[in-house]
Structures are given as C-alpha cells and as structure tokens.
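Colleague: Below you will find the structure I want to go over with you.
The values are calculated or read from the model by the stated rules, or taken from the named source; none is laboratory data. What you see is a predicted model; the values in this text were computed from it and never measured. Quick reminder, even Gly has a Cβ in these numbers, built from the backbone with ideal geometry, and neighbours come from all protein chains shown.
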2 protein chains.
Amino acid sequence: MISKISGGVTAAKGFSAACCAAGIKYRDRTDMAMLYSSVPCTVAGVFTSNKVKAAPVLWDRGIVASGHPVQAVVVNAGIANAATGGTGLKLCRETAEHTGKLLGIPADSVLLGSTGVIGPNIPLDRITAGVSAMSEKLSNTPEAGTAASKAIMTTDTVNKEIAVEFDLPAESGEGMVTVRLGGMCKGSGMIHPNMCTMLAYLTTDCAIRRDLLQEALSAVVQDTFNMITVDGDTSTNDTLLVMAGGLSGNRCISEKNQDYELFCEALFTVCRTLAVKMAGDGEGATHLVEMHVYNADTKENARTLARSVVASSLVKAMIFGKDANCGRILCALGYAGPDFDPAVIELYLHGEKETLCFYRDGCVQTFDEEKAAAILGEEAVRFSCDMKMGKEEATAWGCDLTYDYVKINGDYRS
Amino acid sequence: MISKISGGVTAAKGFSAACCAAGIKYRDRTDMAMLYSSVPCTVAGVFTSNKVKAAPVLWDRGIVASGHPVQAVVVNAGIANAATGGTGLKLCRETAEHTGKLLGIPADSVLLGSTGVIGPNIPLDRITAGVSAMSEKLSNTPEAGTAASKAIMTTDTVNKEIAVEFDLPAESGEGMVTVRLGGMCKGSGMIHPNMCTMLAYLTTDCAIRRDLLQEALSAVVQDTFNMITVDGDTSTNDTLLVMAGGLSGNRCISEKNQDYELFCEALFTVCRTLAVKMAGDGEGATHLVEMHVYNADTKENARTLARSVVASSLVKAMIFGKDANCGRILCALGYAGPDFDPAVIELYLHGEKETLCFYRDGCVQTFDEEKAAAILGEEAVRFSCDMKMGKEEATAWGCDLTYDYVKINGDYRS
C-alpha cells in the first residue's frame, strides 16, 4: 500500500535541502536550491528531446550516462543557461567544482539545473555565492524541502511537492521497512509532451539497482510528465531526476519482482501528482483540463488522441469561456493522426455530479447548455472518449488558454 | 509574365457569382455565396486531412474523384455541417439537387462548402431559399466576386481575393491569348498546416487536362496553404478547389511543357497571396509573422522547421508583446524534429530597414533592444534561419497570439 505523507524532497532518509536569494534575475525572493544526500546515490534521469539542449542538461546527461553516483543537485531559477555555448558549459563545471569542494564530494557527483530566460549568461559570482550560502544551511526538515520547491519557481503560482511511503522487505531478512519517495518540480510555461517535462527532482531512500531505477523512470514518464501540455512548446531545459540513496534498509531491488512493482507504483503516484499539478498551474490557467481516451486500439494512439485534445488552442479557449463548443474536441481528435470511425465514437463531459454525452452516432447531441456551462466552470474539467476499437487507454492533462497566458508571455523578460 | 489584376473569382471568362443573406446563423449580413460557370469545368481539389470530415467535404471529394465536370459552387458561413451524420449528407444532396434544377445542370456538377460551428444542423429551407435568390442574381462583374468573398467570411476581418493574368499560346495556333486565374478564400481560426487550409475557391479560363490541374494544385498547396498556421487546429472543413473552364481559348495544356510551368507559377502566386492573407488575418492577430528557413538539408525539413516557429504559442505571444525573446525561436526549431547543429545555425530578424542577428556560434547575441522592439512593431515580422546544411528552403506564415484570440474563441458560438 502506498500512502501519501507530508513533505517533499527531504522526506526520504538521508536527504537535506537548502535555498537562498542569489539575485540571479529575480529580486526579493529565493532563486536557488540545493539538495544533498548524506550517502552517494544511484541516479536515473530523463531529459528534453529538444535539439537545443541547455548546458545543465548536457552536464547532467553525461553524469547519468556514466553511472557515477551523485550526492547533490544545484538549481537556479531566472536564467536557463541555454544557447550560451562554451560559456554556459564552463559555468556548469565551475559550479559543480565549487559545490564539490564545499560539500567534500567529487564535482561529477553534483547535478545541475537551470530554468528561465534562454540566452543570457548567469553571473558566476552570484552562483558561487549562492552555493556557499546554501552549503551551510542544509536541513532535513520538511520546511527545508518546501522552501527549496519554492526557490525553483518561475511563473509558477504555487510550489509543487509530494511524498509517499510504502513497505518493502528489510535487507536483514527480518520483517519490513518503510521506504519513502518524495519530489518537487516546477513548470508552468514551455510545457508540452514528447519529452520529460520541466525540472523535477525525486529523492528516495529505497535501495534499487541503477538499470532498474532508470527503466522504472523511463516507463513511468510516458503516462505522467509526457501526458501534460500547457502550450505545446518543448523546453530546452526539461529534466527529471530521481536519486536513490538506499538508507531505508530495504532488500535492494535487483530484479523485477513484487518489490519492483510496488516501487514503480509509488514512482507513478509521485510523478502523476507532480505532473497534474504542473498542468493545473499552467501559465495564466484557471482550470485543469483532463482528457481520458479509452477502448483505443493501441496505447500510443490513446496517448496521441488524448494529448491532441488538451493541446488544442480552440479547446483551451472554449474552456476559459465556459462555452461547450464540443465540436472542437471532435476536431482535435480528428487531426491527431490515429485512425478511427467518427460514426461510432462517443464523447462525454464529466462534472462532479453529472455526466453529459455530447457526441454519439456521428452527431453532436443536444444537451442542457446551462448544465454544460456549470460543469465547465468546475476547477477540473474532465472529458472522455470511447473509441470502441480495443482495450487501451490514456489520460492527458492540460489547462485553459486565458488572457493572462498572453500577458505573461507577451512580456516575460521584463 | 504574371500580372496581378483587380477582381477575384469573376475575373476569368465565363464565371459569375452571387451572394445573399440567408440567415443561417448570422443576422444583418450576407452568409451564402454561389459561383457559376457558363461552361462545364475541369476541377481539382485538396481537402482536410482531419479524420472527421464535414458533409460538404465528403460530397466534394466524391465529385472531384469521379472526374465529373462541375459548373457551380454553393457555400454557406455560420454552420459547418460537420458532425451531423446522415442528416448533413442529406442536406448536401438536397442542396445540390435544388441548385442543379434552378441552373439547369446536373446535381453532381454542384460543389458545396460550409464553414462555422461544428455540430448544429443547417436549416434546409434557408439554404434552398438562399440558392433560389442567388440563382437569379448571378453576375460576372468584379463587384459580384468581391461580394461573394465577403459572404463566406466568419471571424475574418477582411475579405480575401486576388486575380492574375498571363499569356499562353492560342488554341488556333496563331499568336497568344490572355488567361486569367482568380480566387477567394476565407479563414481565420482553426487554421494549421498539414492539410489544405480553409475554404478557397479558384476559377480560371485556362484549358488544362484534369490530371495536370490536380497535380499542379497538389504541388502548389505544399508551399502555400500548408505553410500557414493560426492556432494549430486542422479544421474538419478545409477545402481548396480550382475550376478550369477553358474559355480563354488557349492551347489546352496536356503535357508538362512551358505552358504548364507558367500556369503553375500563376497558381502559386494566387495560392500564396491568399494563404498569406489568411495568416495575417488570423483571429485576433495584429501582426503577420514570416519564418524563412534556408540552407536546410531537405525541403521537408525546411518546411517542418519553419512551421514549428510560426506555430509556437510562445513565439506568437512574444511578437504580440514586441519582446525580442529570441531564445523561443531557437527552442521552437529545436523541438520541431529535424536534426541540426545548434552550434552553427544563425538566426536573423529582418526589419524594413535593418537586419539584426540574434543567434550565432551557439550563443544568443547582444543586440539593440530598442531597434528589435521597433522591428517587432512592424506590420509583418520576418525571421530567417541559416541551417548551414544544404540548399533547401521554405517559408511559413502565421500571426501573433493576442487577447482577442482568446476572447474570440472563448465565446465563438454566441
């Protein structure tokens, strides 16, 4: 059984966090975070599929691919360190070296993350001053984890964290131990499937073999972070990392047994929760939008169809306007790519108390417009489509398109 | 040589047009248009790739595929006759039969087009009353063509028409004759590449074999209508038709000779002009946006890269805000799909008087922000990217993302 608990990245044994106001771009707020593990961690990661990759993505990818254990993460908000060429890579190296020296760990056990404007260089002196300050403030309290999740925000309106716990057999062979998995993420604009999305950092005290950790993460991301979209723009900086320190004392997961399944389930819970939080906090958003596609012929087609609906500007605008112009959902399914029969599929709008069918037998149905408008006014707007082709299903999450999205992105740099 | 002339769909010999206010959805404006050719025409068409196709698209596709000559087109604005099942198809048949009877031509020589809200049924009595009224008002004046182009508008703010003329060898073998090609289109929202876009009707008095007419149209659409985007939503109703009556007296084009090349050039001019007009009149748009990708490795990659930039919500919003946040253009190239080397490509912003380089050698360049803001304030905003890979190029057109886009689409039906 998996239970949600309070806390985030510091919930698992051995992990501490810190943050500071380094003045990188924002004023009067924290903008740097540090995570530290008291023991070397196995690490797995998924990164942006964008051909233009930010310097910290290149740095992290190298470390994750090498299999080298990691012990710290340093993240800044405000400037993305992307499109910065050799200068950006040099900044990464120097940041990691400075962090390593202060924490007494190798530079290549330090992961980096950046989020913000593409193009400008990050002033090295502010980064190093920030790292110095944070290295003296590391704390394993829930408050420290929460503060870190706030420090990495950009246009996010709320911080995003979660932690769960579950029991696994003890390494000693006697009884069970409690394992914890927690995480934080940020992301609000430049969010689109076909990648791992935004900055997300997970920590666990589970002992698990590296290849299985990576396999679990790569699988789980498909139905969680890759199923959300805010604006169709896949960022240059997307990074999802999970660090496993092993201090819970569980029997190390080294094969695909029941323990592995339970760990995957916990990982799915954490990733989905964080992903849905990101979708609902999309730039300018006033509603979370959920599209569930079921009875599809293949899993991939179910995903493609569901994502097409939540990515449609017209669907997003209609939800902002609480206007049940449901032909737009049908239209978005139709141009998604996968084949289907428009004469047999059925489309539904699900309110908290009531479900309306608005398309069936090849025709848009007559429905109570007032009821529909009321449902579209709920905080989370849920649609579903029965494809009547097979047994596969998928859910995608997005948000509405609002004046504020345009406002935020018409003048993001200033 | 191809010369632009005044007029639109009635410019070519033999074509007349009419319109009327049928009260299908809009009040106090014209909402139906009719085109008529005094002789049976060869026809070619390209239709939406959306799996959900409106009834008139199914009707027209059947006629175009059959090779049957056509003589009339009836179009309505306000309701799309999409997702209307058998009722919608029956309406098509009855509209064509009524039109055919009044004009004295077979029902299967009548093409149909609809644009507007998906879902509702069109009242047959209003359509037939409209057809009856229009069949008595057909006129070959430029004013009649212009009035027709206005009657098919939905959220368009301006009507869109163009005509050109060029000389081809006469059928008689003696000297040259003047051939005309004109067209009108409508489209403002639900516009995205990967299809032929929106409703566009072209008329010509050129004599040309049917297979060559279709081949020319299918080729030209790739670099014209398929290279524009307003909101990424591919409509259920997209239709592009060209009717060739042959009354100019030119030697019939029956092989890919110089005459064919000149006709293709004229077709390209007409299609590109109409397509760019649609992009610039995107819902809520205040700027036309053009992205030129050159020195790409393949034509298809050049198209994909150019379209990705004009389709990006973040690029569109930054142009609305006149904020030269050029990393977003780089980002949109990066997630487009095609491979390239971010360290060597170069990005430019072209003003009427000045060009700014804003990305080179893997880094965003320092540029004069005031100059950039001034260029972004021009009516048409032009970017280009040198991929440094090969010799292929493509241009895509779009528009900015504004408060008005959200407003128009948050409440389109009412």
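Colleague: Mind telling me which of the residues A:Lys137, A:Lys53, A:Lys101, A:Lys90 ends up being basic (Lys, Arg) and touching a Ser or Thr at 6+ places or on another chain (Cβ under 8 Å)?
Modeller: On the way: A:Lys137 fails: touching a Ser or Thr at 6+ places or on another chain (Cβ under 8 Å); A:Lys101 fails: touching a Ser or Thr at 6+ places or on another chain (Cβ under 8 Å); A:Lys90 fails: touching a Ser or Thr at 6+ places or on another chain (Cβ under 8 Å).
Being basic (Lys, Arg) and touching a Ser or Thr at 6+ places or on another chain (Cβ under 8 Å) holds for just one of A:Lys137, A:Lys53, A:Lys101, A:Lys90, which is A:Lys53.
Colleague: Could you check how many residues of the stretch B:64-85 are under 17 Å from B:Ala200 (Cβ atoms), under 20 Å from the mean Cα position of the chain (by Cα) and not polar (S, T, N, Q)?
Modeller: Keep residues of the stretch B:64-85 that are under 17 Å from B:Ala200 (Cβ atoms), which gives B:64, B:70, B:72-77, B:80.
Going one step further and asking which of them are under 20 Å from the mean Cα position of the chain (by Cα), we end up with B:64, B:72-77, B:80.
Subset that is not polar (S, T, N, Q): B:64, B:72-75, B:77, B:80.
Going through the stretch B:64-85 one residue at a time, the tally reaches 7.
Colleague: Given the criteria among the charged types (D, E, K, R) and away from chain B (no Cβ under 14 Å), does A:Glu352 qualify?
Modeller: Values: among the charged types (D, E, K, R): yes; away from chain B (no Cβ under 14 Å): yes.
Yes, satisfied.
Colleague: Give the residues of the stretch B:64-94 that are in contact with a strand residue (DSSP E or B) (Cβ under 6 Å, 6 or more places away or on another chain) and assigned to a helix (DSSP H, G or I), sorted by residue number.
Modeller: Scanning the stretch B:64-94 gives B:Val64, B:Gly85, B:Cys92.
Colleague: Going by the structure shown, is B:Leu241 more than 14 Å from every other protein chain (Cβ to nearest Cβ), under 30 Å from A:Ile329 (Cα atoms), within 16 Å of the chain's Cα centre (by Cα) and surrounded by 24 or more Cβ atoms within 10 Å (Cβ to Cβ)?
Modeller: Details: more than 14 Å from every other protein chain (Cβ to nearest Cβ): yes; under 30 Å from A:Ile329 (Cα atoms): yes; within 16 Å of the chain's Cα centre (by Cα): yes; surrounded by 24 or more Cβ atoms within 10 Å (Cβ to Cβ): yes.
It is true that B:Leu241 is more than 14 Å from every other protein chain (Cβ to nearest Cβ), under 30 Å from A:Ile329 (Cα atoms), within 16 Å of the chain's Cα centre (by Cα) and surrounded by 24 or more Cβ atoms within 10 Å (Cβ to Cβ).
Colleague: Here's a follow-up. Considering B:Leu217, B:Leu213, B:Leu274, which residue is part of a helix (DSSP H, G or I), at pLDDT 90 or above and in contact with a Gly (Cβ under 9 Å, 6 or more places away or on another chain)?
Modeller: Details: B:Leu213 fails: in contact with a Gly (Cβ under 9 Å, 6 or more places away or on another chain); B:Leu274 fails: at pLDDT 90 or above.
Answer to the check: B:Leu217.
Colleague: One residue is enough: does the stretch B:116-125 have a residue meeting the conditions at pLDDT 90 or above and in contact with a strand residue (DSSP E or B) (Cβ under 7 Å, 6 or more places away or on another chain)? Walk me through it before giving the result.
Modeller: The first filter runs over the stretch B:116-125 and keeps only residues at pLDDT 90 or above, leaving B:121-125.
This time we only want the ones that are in contact with a strand residue (DSSP E or B) (Cβ under 7 Å, 6 or more places away or on another chain), so: B:121-122.
Checked the stretch B:116-125: at least one residue is at pLDDT 90 or above and in contact with a strand residue (DSSP E or B) (Cβ under 7 Å, 6 or more places away or on another chain).
Colleague: Within the stretch A:122-144, how many residues are surrounded by fewer than 16 Cβ atoms within 10 Å (Cβ to Cβ) and assigned to a loop (DSSP other than H, G, I, E, B)?
Modeller: Of all residues in the stretch A:122-144, those surrounded by fewer than 16 Cβ atoms within 10 Å (Cβ to Cβ) come to A:123-125, A:132, A:136-137, A:139, A:141, A:143.
Now restrict to residues that are assigned to a loop (DSSP other than H, G, I, E, B): A:123, A:136-137, A:141.
Of the residues in that region, 4 qualify.
Colleague: Restricting to the stretch A:291-317, give me the number of residues that are over 14 Å from A:Leu333 (Cα atoms) and under 18 Å from the mean Cα position of the chain (by Cα).
Modeller: Selection size over the stretch A:291-317: 0.
Colleague: Condition first: within 18 Å of B:Lys299 (Cα to Cα) and within 14 Å of chain A (Cβ to nearest Cβ). Can you find one or more residues in the stretch B:393-403 that meet it?
Modeller: At the first step, the residues of the stretch B:393-403 found to be within 18 Å of B:Lys299 (Cα to Cα) are B:393-397.
Within this subset, residues satisfying the condition of being within 14 Å of chain A (Cβ to nearest Cβ) are none.
For the stretch B:393-403, residues within 18 Å of B:Lys299 (Cα to Cα) and within 14 Å of chain A (Cβ to nearest Cβ): absent.
Colleague: Still on this structure, I have one more. Pick from the stretch A:319-348 the residues that are under 21 Å from A:Gly390 (Cα atoms), more than 8 Å from chain B (Cβ to nearest Cβ) and not in a loop (DSSP other than H, G, I, E, B): which of them is modelled with the lowest pLDDT?
Modeller: Going through the qualifying residues, I end up with A:Ile329.
Colleague: Are any of the residues in the stretch B:35-54 at pLDDT 90 or above, β-branched (Val, Ile, Thr) and closer than 19 Å to B:Ala216 by Cβ?
Modeller: For the stretch B:35-54, residues at pLDDT 90 or above, β-branched (Val, Ile, Thr) and closer than 19 Å to B:Ala216 by Cβ: present.
Colleague: Hey, another quick one. Run A:Gly410 past the list (1) within 30 Å of A:Ala80 (Cα to Cα); (2) at pLDDT 90 or above and report the number of the one that doesn't hold.
Modeller: (2)
Colleague: For the stretch A:53-94, give me each residue that is in contact with an Asp or Glu (Cβ under 7 Å, 6 or more places away or on another chain) and among the β-branched types (Val, Ile, Thr).
Modeller: A:Ile63
Rundown of residues vs (1) of a type in the set (D, E, K, R); (2) assigned by TED's automatic domain parsing to the domain that holds A:Gln222, yes/no style:
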| position | (1), (2) |
| --- | --- |
| A:Phe263 | no, yes |
| A:Phe340 | no, no |
| A:Val344 | no, no |
| A:Glu352 | yes, no |
| A:Val364 | no, no |
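Colleague: Also: Quick check on my filter: what residues within the stretch B:63-81 are under 23 Å from B:Gly130 (Cβ atoms) and more than 14 Å from chain A (Cβ to nearest Cβ)? Reasoning before the result, please.
Modeller: Step one: filter the stretch B:63-81 for residues under 23 Å from B:Gly130 (Cβ atoms), giving B:63, B:70-81.
Result: B:Ile63, B:Val70, B:Gln71, B:Ala72, B:Val73, B:Val74, B:Val75, B:Asn76, B:Ala77.
Colleague: Does A:Ser384 satisfy being within 12 Å of chain B (Cβ to nearest Cβ), surrounded by 18 or more Cβ atoms within 10 Å (Cβ to Cβ) and either touching a Leu at 6+ places or on another chain (Cβ under 7 Å) or farther than 20 Å from B:Gly116 by Cα (or both)? Working first, answer last.
Modeller: Numbers: within 12 Å of chain B (Cβ to nearest Cβ): no; surrounded by 18 or more Cβ atoms within 10 Å (Cβ to Cβ): yes; either touching a Leu at 6+ places or on another chain (Cβ under 7 Å) or farther than 20 Å from B:Gly116 by Cα (or both): yes.
Spelling it out, it is not the case that A:Ser384 is within 12 Å of chain B (Cβ to nearest Cβ), surrounded by 18 or more Cβ atoms within 10 Å (Cβ to Cβ) and either touching a Leu at 6+ places or on another chain (Cβ under 7 Å) or farther than 20 Å from B:Gly116 by Cα (or both).
Colleague: Here is a further query. Which residues, taken from the stretch B:357-377, are touching a residue at least 24 places away in the same chain (Cβ under 8 Å), surrounded by 15 or more Cβ atoms within 10 Å (Cβ to Cβ) and touching an Asp or Glu at 6+ places or on another chain (Cβ under 8 Å)?
Modeller: Within the stretch B:357-377, the subset touching a residue at least 24 places away in the same chain (Cβ under 8 Å) is B:358-359, B:364, B:367, B:369, B:372-373, B:375-377.
Among the residues that remain, those that are also surrounded by 15 or more Cβ atoms within 10 Å (Cβ to Cβ) are: B:358-359, B:364, B:367, B:372, B:375-376.
Matches in the stretch B:357-377: B:Tyr359, B:Ile375, B:Leu376.
Colleague: For A:Ala306, indicate whether it is assigned to a helix (DSSP H, G or I), closer than 28 Å to A:Val221 by Cα, more than 10 Å from chain B (Cβ to nearest Cβ) and among the aliphatic types (A, V, I, L, M). Steps first, please.
Modeller: On the way: assigned to a helix (DSSP H, G or I): yes; closer than 28 Å to A:Val221 by Cα: yes; more than 10 Å from chain B (Cβ to nearest Cβ): yes; among the aliphatic types (A, V, I, L, M): yes.
When the stated conditions are applied, A:Ala306 passes them.
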